[in-house]
Amino acid sequence: MTSRKRSGSGSTKRPKEKVVYIYELLCRGEDPSVDSPEFWNEFFLLQPNFESLEDQISKLNNEQLQVVKPNLNTLFQKCIEMLDTSREDHPKRLCNSLQTLCSLFYGIFRKCNTDASSNILNEIFGHETMDEWLKLLMQYCNRILLGDVTENARFMCLKLLLVLVTGTDVGQNVLFEYLMMHSLFDAFVRLLSDPTFRAQHGHDIVILLTILVNYRKHEATNPYVVQLSILADELALNGYGQMISQSLIDFCRQYIQSLNNVQSSSWFSSLSSMVGNMFVSDEGCERVQQIKANNGLLLALYEAVHLNRNFITTLAHPQTESSAPPSPSNTLSLTQPTPDLANAPIIDMTQYPTNLLVAVFQYCSIVMQDNKNESSIANLKLCFLILTCISEDQYANSMMHDSNLTFKVMLHRAQMRHRKLNVDRVGKSQPLAATLLDLLVEFIVSHLMKKFPMELYLLCIGVIHRILCYQKRCRVRLNYPWKELWSALIGLLRFLVNQEQTLVKKCNIFHLSLQVVNIFNLFITYGDTFLATTNSYDELYYELNREEKVFTEIHAMVLRYTTMPECEYKDDVIKLLNALVNILAIVKHFQNKIKEWLAEQGLSTPTEEQILDVVRKNYDLTLKLQDSLDQYERYAEAPLHSSFFQAMVRDVVNDTRKHIYGYVKEAVSVIPEQEVLLTTAVTASTPTTTPST
């Protein structure tokens, strides 16, 4: 007798989904719509199988592609036909067609990226008929973004656009041309201006804009660059800034929570964690991955401050959806009991940033502490370029120096053996310019290492120089402890002298030394226009004399290199020699006066106050007037930083491509199929007539 198989046994084969069977037919070159006029209407009611369609496309070789190409073209065109929101159609067809397009494009791009011999992108989209369909796709996307559709459809439309712009390297992606010809910028602006749409789709829109702005930005006219540079819509600019600040604030919050967790854990768990981290690569650790995840929005911030002066006005705005506090009717329900405020937990809000500029400063202070891998160094360079653009802007400087606009900002400082960290990490309430100087001083003192980050130091000193030039030009007297800055700069010069033999083989230490010395010359020559008190001048001259050995050693080093006929940096050596003239004259003048005073008083170890008194009484010296101390070369992205931004955009595209697969695959399971139409919708123009297949 034949035994009956149990229903629960593993031998029962699961039936193939109908949509998968149709994919197989299409990719064998067969036409499943024969003798079935309603085939495509029924097909788009079937739930797409993202993995199956992608898998079928990846298996095609060049010969099979020639057979299958008509079917892929037909599938592509039928998907676009379903995007016409003017049709009285089932809303599920719209979402399924968008998801099918995502899968189709993703599979084609993946085939291009993994198979160097494959020319599938040009085979399918490289002819005039498909040109018209791609133009129509952009028009339909515009209608979907602005139209009266379900949020599932708008969500999938933005994911489709992300698939298009991240499919391959930006410069090699032929589909960008259609996004240039049919700009979606106005649609993005309208969505960013609406709080509801912004909360749901703001992140995708900002990433899309960032990638689109970087398409051949220096080679041809890019409409997204032009439109972003002249955008004056305050709601849209605030919405753009809110998406960036939200990401940076979340990162800062997670960092603070991790610090609190470490402090509350036992010494044993801390030791175990430390030993464990010794065997984890720097690039793979969680902190590095979190920093890399911010590259996209940080690049978006750079593009905004670099291109759009109107965006600067949003930097100090409180990053909330509404400036007005919520009314009791919005916060408490009639069915809810009154909360016991006496037992409510106390949240120290001073730890968290309150606006975008504060968030950037706090974020920079965290990233500065991680300097062992290329990802963090690139992220920090991007931060410094953002600060460079901000420090060149007149309005940003006036805002940062406004004594009536003060903030308490938590700047995180690295643990170092030669200093003791203050337990209270939240600083005093002060203008943002003072906080920025604190941040830059912290970088100077905490990165004096053998693997010297020369480029970062040049950017850091450049930001300091720009701030001082603004103060001199506008006669702004910032109440700041300048002695901390002077000490940090002198410490940097001391390090360069001590490490000269090692560093001179790798980088131009004379150019950096010249930048630092010129900052001192700026204080010496024009300090009376921006130093807050007359005592500041006394303290400056005191510091120069106290550290006279550093300047003497630099002078000796420079003289040595002037006699070397094959010195690679001869021009900077000569400039540095000339820049040291006033500092050396000050040191020589006051050293003689101090020695005379000590001889008169019969003293050998004077106090600081006694030296300051000698300085105050002996300002009778003549200095050389040096030109262009308050001038700087304005920041320009190209050609110096072009390769850096190409690499940064490439990283953002690759990271977004990795994440977009999961988003599209799970989109329907996350978002309910049937959604209520939003009552808030904007009108879009009607697209042109559908071209014939």
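Among the residues making up the stretch 457-499, a single one is under 28 Å from the mean Cα position of the chain (by Cα) and of a type in the set (Lys, Arg): ARG466. Within the set LEU179, LEU175, LEU161, the sole residue that is within 29 Å of the chain's Cα centre (by Cα), closer than 26 Å to VAL652 by Cα and either modelled with pLDDT of 95 or more or among the basic types (Lys, Arg) (or both) turns out to be LEU161. If you go through the stretch 232-275 and keep only what is more than 26 Å from ALA293 (Cβ to Cβ) and at pLDDT 90 or above, you end up with ALA232, ASP233, GLU234, LEU235.
Each row is one residue, and each column tells you yes or no for (1) surrounded by 21 or more Cβ atoms within 10 Å (Cβ to Cβ); (2) without any contact (Cβ under 8 Å) to a residue 12 or more places away in the chain.
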| position | (1), (2) |
| --- | --- |
| ASN498 | no, yes |
| ILE509 | yes, no |
| THR529 | no, no |
| ASP538 | no, no |
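Residue pairs whose Cβ atoms lie under 6 Å apart, separated by 6 or more positions or on different chains, with the first residue in the stretch 233-262 and crowded, with 23+ Cβ neighbours inside 10 Å and the second modelled with pLDDT of 95 or more and of a type in the set (Asp, Glu), do not occur.
Take the stretch 446-458 and flag every residue that is surrounded by fewer than 20 Cβ atoms within 10 Å (Cβ to Cβ) and not in a loop (DSSP other than H, G, I, E, B). Residues satisfying the conditions are SER446, MET454, GLU455, LEU456, LEU458. Residue count for the stretch 534-579 under the criterion of being within 13 Å of HIS511 (Cα to Cα), assigned to a loop (DSSP other than H, G, I, E, B) and in contact with a Phe, Trp or Tyr (Cβ under 9 Å, 6 or more places away or on another chain): the result is 1. Kindly indicate the residue of the stretch 46-95 that is among the β-branched types (Val, Ile, Thr) and not in a loop (DSSP other than H, G, I, E, B) and also surrounded by the most Cβ atoms within 10 Å (Cβ to Cβ) among those meeting that condition. Per the stated criteria, the residue is ILE57.
The values are calculated or read from the model by the stated rules, or taken from the named source; none is laboratory data. The structure displayed is predicted, hence computed values, not measured ones. Neighbour counts are summed over all protein chains in view; Cβ atoms, including those assigned to glycine, are modelled from backbone coordinates with ideal geometry.
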